[in-house]
Amino acid sequence: MNSIEQYQNHLKQHGEATMASAGDLAKHFHAIAAAHADYAKRSFKEGAAFFEKLASAKSLQEAIEIRTEYTKAGYETFVAESKRIAEMYNELSKIALKPFGGMTRENVLPGD
């Protein structure tokens, strides 16, 4: 088998591996989209609850405490969700690049 045939065979194998991993990629994209949607929904509900609580504040001091509480909780939730979603993207990138893991110049063009 000559170099061109080896190269074509190698490309065919990687193409098949890439297509096989497409299902995994779709699952991960769906999971990431669901995580974003869940976070947005929860943030909206927490924001609405914050404004209701703020509207019922009887003094400026109480309003400041409510605002401080909401800001702190919102920040902590944001950091936690960002880390979780970043880990999901990291896993997605590993899966997306897995079919190309063994691709090197020596494997693609042996004897060159």
(message) What's the magnitude of the charge dipole for region 3-101 around its Cα centre, counting Lys and Arg as +1 and Asp and Glu as -1 at the beta-carbon? Answer in Debye, nearest 20.
(response) 100
(message) Quick check on the exposure proxy: order Phe44, Phe50 from fewest to most C-beta atoms within 10 angstrom.
(response) Phe44, Phe50
(message) Which residues does the label zone of Phe44 cover in region 59-77, counting backbone N under 19 Å from a point 7 Å along Cα→Cβ?
(response) 74
(message) As a test of the formula, what do you get for the chain when each DSSP H run with n ≥ 4 contributes -39,500 (n - 2.57) and the sum is divided by the residue count, at 222 nm and rounded to the nearest 500 deg cm²/dmol?
(response) -31000 deg cm²/dmol
(message) Quick one: 3J(HN,Hα) in Hz for region 72-88, Karplus 6.51/-1.76/1.60 with θ = phi - 60°, rounded, Gly and Pro as x.
(response) 5, 5, x, 5, 4, 5, 4, 5, 4, 5, 4, 5, 5, 5, 4, 5, 5
(request) May I ask you to derive the relative contact order of region 3-101, considering only C-alpha pairs under 8 Å and at least 6 residues apart, and to give it as an integer percent? (result) 52
(request) Would you list which lysines come within 22 Å of Lys53, measuring only between C-alpha atoms, while excluding same-chain residues fewer than 8 positions from it? (result) Lys41, Lys45, Lys72
(request) Starting from the Cα of Ile4, step 7 Å along the direction of its Cβ; do the same at Asp24; then give the gap between the two resulting points in nm. (result) 3.4
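Coordinate-derived values only; no laboratory data. Nothing here was measured: the structure is a model prediction, and the numbers come from that model. Note: ideal-geometry Cβ built from the backbone for every residue, glycine included; neighbour counts use all protein chains shown.
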